[in-house]
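This report concerns only the one structure given below.
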């Protein structure tokens with residue numbers, strides 16, 4: 001039984017510890033969140049701008065920050081501070097940039113609420129409408145009867 005539990009525990013530990021201290025994976029992940037500032041509109045690690053004046057320096061700074069800092073958010077904040085807020089594609093989760101996360105959800109919720117209220121009002125309006133008086137003018141009844149007879153409906 002002990003041997004079976006050890007065999008079961010081994011794959012779980014391998015999966016949990018896989019990439020726990022993988023600097024290259026962090027480097028790739030953070031590099032995918034930073035925009036090259038040369039104007040090529042590409043991610044930093046994908047910049048193929050020939051003679052790019054900024055990508056080599058930014059990549060060196062990214063690699064140094066990943067090695068010296070254990071928190072990804074600190075690296076991204078360093079790039080926001082030194083290269084500008086627009087250099088990091090993903091907005092921060094604090095300060096004014098938090099609005100970029102909140103506003104889409106709030107707008108969707110508000111729109112959904114307005115649609116629900118509109119449908120609710122339509123249902124109330126149709127429920128409050130009194131049924132029309134079905135007694136018609138005798139001349140109209142005669143015309144209706146004739147139309148039924150001629151069309152055989």
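Counting neighbouring Cβ atoms within 10 Å and putting the fewest first, the residues 98, 76 line up as 98, 76. Which of the three applies to region 100-151, rounded, prolate or oblate, going by the alpha-carbon gyration tensor with a ≥ b ≥ c and a/c under 1.5 meaning rounded? Here region 100-151 falls in the prolate category. Packing around the peptides 86-92, 116-122, taken as the average count of other Cβ atoms within 10 Å per residue, puts them in this order, highest first: 86-92, 116-122.
Taking a ≥ b ≥ c as the square roots of the eigenvalues of the Cα gyration tensor, region 30-127 is classed as prolate, since a/c reaches at least 1.5 and a/b is larger than b/c. Calculated FRET efficiency, residue 48 to residue 101, Cβ-Cβ distance, R0 = 25 Å: about 0.25 to the nearest 0.05.
D by Stokes-Einstein for region 45-88, Kirkwood Rh over Cα pairs, 37 °C, 0.692 mPa s: 296 µm²/s.
Bear in mind that the values in this text are calculations on the coordinates, not laboratory data. If you're wondering where the values come from, they're calculated on a predicted model, not measured in any experiment. As a convention, Cβ positions derive from the backbone with ideal geometry for all residues, glycine included, and neighbour counts pool all protein chains shown.
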